[in-house]
Amino acid sequence: MASRKHLAAVKGAKVLMVGAGGIGCELLKTLALSGFQDIHIIDMDTIEVSNLNRQFLFRQSHVGQSKAKVAREAVLKFRPEISITSYHANVKDSDFNVDFFKNFNVVLNGLDNLDARRHVNRLCLAADVPLIESGTTGFLGQVTVHVKGKTECYECQPKPAPKTYPVCTITSTPSKFVHCIVWAKELLFAKLFGDKNQANDLNVRSSDGASSSEQAEDVFEHRNDEDIEQYGRRIYDHVFGYNIEQALSNEETWKNRNRPRPIYSRDVMPNGLGQQNGSMEKNGASNDVYSVSAMASLGMKNPQDIWSLMENSRVFLEALKLFFLKRQKLAVEFVTSAANIRAASFGIPLHSLFEAKGIAGNIVHAVATTNAIIAGLIVIEAIKVLQNDTKNYRMTYCLEHPARKMLLMPVDPFEPNKSCYVCSETPLSLEINTHCTKLRDVVEKIVRAKLGMSLPLIMHGSALLYEVGDDLDEDMVANYAANLDKVLSELPTPVTSGTMLTIEDLQQELSCKINIKHREEFDEEKEPDGMVLSGWTQSPAVAQDDKKSTANAGSTSNASSSMEAERTDDVETTPGRKRKLSEVSEAVNPDIPGVAGSSTRNPEKLELVDDDDELVIFDNWDSVTSKKIKLQ
C-alpha cells in the first residue's frame with residue numbers, strides 16, 4: 001500500500017512528458033493509473049498507420065491527428081478527473097523555454113532523437129528540474145535519472161548520434177537517403193511482393209484516413225486487363241505521386257520542413273519510352289535466374305554510376321517486370337531505384353546501386369512489452385525523485401536474456417562528470433587553421449552540429465561576432481551574415497591562436513568557452529572537417545563513420561571515453577551487495593571483447609537508443625553487435 005508521503009508527492013506533482021509515441025503512450029497510461037493529477041505532454045508528430053500495432057492509445061480513425069492530443073483524449077476517458085494538457089509542437093520551439101520548464105517538478109523524456117534529448121537536458125539544468133531519460137531498442141531498454149549537482153547530466157558522457165529512424169520519419173518526412181532505402185525495402189517492396197493485405201502507410205495517408213484503405217488496397221492488385229508496364233506505372237503514380245500529394249495536404253507537417261514534390265511517370269517517362277526497355281536476350285543477359293539484371297536488360301553496366309531520375313524510373317519498371325518472372329536477385333535494383341525516386345521527391349541527393357547496397361542494412365522491430373516495462377521504471381524513478389529519495393535513485397537496464405538471473409539490471413547513478421562542458425562548464429579546445437577557416441564553418445560544424453546549440457551567440461571578449469534571434473535589426477543581421485563568410489583571422493576582432501571564444505545559447509541558457517589553437521594542416525581522411533574539438537569527444541568509430549555520406553552517426557564500438565576516469569568501478573545493485581560495473585557490461589553484452597575483466601580499462605557505459613517506432617535501421621550493420629547495445 002502506498003504511503004501518505006508517496007501519495008502526497010504524486011498528487012501534488014506537476015509532470016512534463018516529452019514524447020507521446022511508443023514509450024509515451026505507455027508512460028501516460030502508467031502516470032494516470034499511478035495517481036498523478038497534473039500532466040503536460042509535448043509531441044510534434046502525427047499518428048501513422050505503422051504506430052497502431054503498439055501505441056495502444058491510437059486507432060485507425062486517428063491517423064493524421066496529433067499524437068499528444070489523441071493520447072490526452074484517450075486517457076481522459078478512463079481518468080476524467082485528472083488534468084492533462086497537450087501541446088502539438090516541437091519541444092525546441094521558443095515557447096518551451098527555461099521559464100516554462102521551471103513550472104514542473106520533474107521532466108520525463110520519451111524522445112527518439114539525440115538533438116531533442118540534448119536540448120531538454122540543457123533546459124532542465126538551467127531550470128534546475130530533475131530529468132528522467134529513457135530508451136528502447138527491440139528487447140533492450142534503459143532508464144536513467146539526471147538531477148543537477150547530484151548525478152551526471154545526459155551529456156556527461158559523449159554519445160554518438162543514434163542510427164535509428166522512427167517510422168513516422170521514414171513514411172512521411174524523410175531527410176536522409178537511408179530513410180528512403182528503408183521505405184523502399186520494408187514498405188514498398190514488402191507490399192508488392194509480400195502480403196498485399198497487410199496495412200501500412202502506403203495504403204492510408206494522413207488526409208484520407210480509414211475510408212480510403214479499401215481503395216488503396218486495389219492499387220497493388222494486378223488487374224487482368226492491364227499489361228505489366230501499365231501496372232508498374234499505376235504503382236509508380238500512386239506511391240510517388242498521389243501519396244505525396246495526400247501528404248502535402250497536411251499543412252501542419254510542412255510548417256518547418258521542405259515540401260516534397262509529387263512525381264508522376266508521365267512527367268519522367270512519356271508513354272512509349274518504357275517500351276524501349278531492353279530485353280534480356282537483346283542485351284546479352286543470361287537466362288540464368290541468378291544472373292538476370294534490370295541493369296543488364298537496360299544496357300547499364302557500372303553499379304557505381306548515379307542514375308538520373310529517368311534512369312531510376314526505367315530500372316524501377318524493368319525490375320518490376322522481371323520480378324513477375326521470379327527473378328528474385330533484382331531486389332536490390334528495385335529498392336535502389338525506388339529509394340532514389342523518393343529521394344528526388346524530397347530533395348535528397350541520389351545514390352548509386354553500389355552505395356545503396358551498403359546502406360540497406362538489417363531492421364529491428366520495436367517491442368511493445370519493452371516500452372511498457374520502461375514506462376513503469378520511469379514512474380518508479382519519478383516517485384523517488386519527487387520524494388527526494390536520493391540514495392535509492394537507479395539507472396536500470398532491461399536485458400533481452402537473463403544475466404545472473406536478472407532481466408532488470410539496476411546501477412547506481414554516477415556523479416557529475418567534472419569534464420562535462422554542459423553541466424561543469426569545462427573549457428573546450430579547438431584546433432583550427434585560423435587563416436583558412438571561415439566563421440560559418442565553426443558555426444555549422446562545431447557550434448550547431450557538435451555542441452547542439454539552437455540559437456548560438458559567439459563572443460570574443462566583449463566583441464559580438466555572431467548572434468541569432470528574431471529581435472535583431474536589419475543592420476545587425478547583415479553584419480553577422482558578413483562575418484560568417486570571413487576567415488577567423490580577418491574578423492573585425494581577429495580570432496587567432498590563444499583566443500578564448502565564449503559560445504552561448506540564449507534559449508538553452510547554456511554557456512561554454514572554447515580555446516582556439518592554430519594548426520596549419522589536417523589529415524583529410526581522419527580529420528575531414530579541418531578542425532578538431534577536444535574536451536568534447538567522440539569514439540574513433542564515430543569520426544570514421546561521419547565521412548560517409550550515408551552515415552547519421554557513429555558505431556557502437558567499445559571504445560571508452562577518457563572522461564570516465566572519475567567513476568568508481570563499484571556499483572550497488574541490490575541491498576548488501578556490490579557489483580562491478582564491468583560485470584554489468586559483460587552480462588548485458590558478452591559478445592564484445594574487452595568490456596569486462598580488464599583492470600586497465602575505464603568502465604564502459606551502456607547507452608540505448610529509443611526507437612519509439614517500428615523500424616530501427618543501422619547504417620553500418622557490421623559495427624553493431626548482435627545485442628544492439630551502444631557502448632560509450
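The values are calculated or read from the model by the stated rules, or taken from the named source; none is laboratory data. All figures in this text were calculated on a predicted structure; none of them were measured in a lab. Note: ideal-geometry Cβ built from the backbone for every residue, glycine included; neighbour counts use all protein chains shown. Protein only, heavy atoms only, side chains kept; ligands, DNA and RNA dropped before computing areas. Shrake-Rupley method; radii C 1.70, N 1.55, O 1.52, S 1.80 Å.
Once you sort the root eigenvalues of the Cα gyration tensor of the stretch 327-437 as a ≥ b ≥ c, which label holds: rounded (a/c under 1.5), prolate (a/b larger than b/c) or oblate (the other case)? Mind dumping the intermediate values first?
On the way: a/c = 3.02, a/b = 1.40, b/c = 2.16.
Taking the square roots of the gyration eigenvalues as a ≥ b ≥ c, the stretch 327-437 is oblate.
Peptide packing for 339-347, 244-252 was compared via the average number of neighbouring C-beta atoms within 10 Å per residue; ordered from the highest value, the list is 339-347, 244-252. A cut-off under 11 angstrom between Cβ atoms defines the neighbours of A126, and their net charge, with Lys, Arg +1 and Asp, Glu -1, is -1. Pairs over the 21 Å Cα-Cα cut-off, from the set K384/K405; K92/K150; K14/K391; K450/K526; K150/K450: K384/K405; K92/K150; K14/K391; K150/K450.
If you take the square roots of the eigenvalues of the alpha-carbon gyration tensor of the stretch 428-534 and sort them as a ≥ b ≥ c, do you get rounded (a/c under 1.5), prolate (a/b over b/c) or oblate? Judged from the Cα gyration tensor, the stretch 428-534 comes out prolate (a/c at least 1.5, a/b above b/c). If you plug the beta carbon distance of S34 and S94 into 1/(1 + (r/R0)^6) with R0 = 30 Å, you get a FRET efficiency near 0.40.
Sorting the segments 20-27, 517-524 by their residues' average number of neighbouring beta-carbon atoms within 10 angstrom, most packed first, yields 20-27, 517-524.
Phi angles across the stretch 408-421 convert, under the Karplus curve 6.51 cos²θ - 1.76 cosθ + 1.60 with θ = phi - 60°, into 3J(HN,Hα) values of 10, 10, x, 9, 4, x, 8, 6, x, 6, 5, 9, 6, 6 Hz, Gly and Pro given as x.
FRET efficiency for the pair R519 and R223, taken as 1/(1 + (r/R0)^6) with r the Cβ-Cβ distance and R0 = 45 Å, rounds to 0.10. Round to the nearest 0.05 the FRET efficiency obtained for L484 and D267 when R0 = 41 Å and r is the Cβ-Cβ distance. E between L484 and D267, to the nearest 0.05, is 0.60.
Might you tell me the accessible area per residue for the stretch 438-496, computed with a 1.4 Å probe and given in Å²? Present the calculation step by step, with values, prior to reporting the outcome.
On the way: 2860 Å² over 59 residues.
Result: 49 Å² per residue.
Under a Cβ-Cβ cut-off of 14 Å, what is the net charge of the residues other than L484 that fall near it, where Lys and Arg count +1 and Asp and Glu count -1? List each step's numbers first, then the result.
On the way: positive: K438, R440, K445, R448, K486; negative: D441, E444, E467, D485, E490.
Once all neighbours under 14 Å are counted, the net charge is 0.
Are there trypsin sites (Lys or Arg not before Pro) in the stretch 1-99 that DSSP puts in a loop and that have at most 11 other Cβ atoms within 10 Å, and which ones? Those that pass, being in a loop and sparsely packed, are K77.
How large, in percent, is the carbon and sulfur part of the accessible surface of the stretch 428-534 at a probe radius of 1.4 Å?
Working: 2470 of 5260 Å².
Result for the stretch 428-534: 47 percent of the exposed heavy-atom area is carbon or sulfur.
Going highest first, how would you order 184-194, 399-409 by mean Cβ packing within 10 Å? Write out the running numbers ahead of the final one.
Values: 184-194: 19.6, 399-409: 14.0.
For the peptides 184-194, 399-409, the packing ranking is 184-194, 399-409.
One decimal place: the segment R4-S308 gains 102.6 nm when fully extended, by the rule 0.36 nm per residue minus the C-alpha distance. Site pair K357 and E415 shows an inter-label distance of 5.4 nm when each label is modelled 7 Å from Cα along Cα→Cβ.
The accessible-area ordering, largest first, of the residues D99, D471, D112, D305 stands as D471, D99, D305, D112, per a 1.4 angstrom probe.
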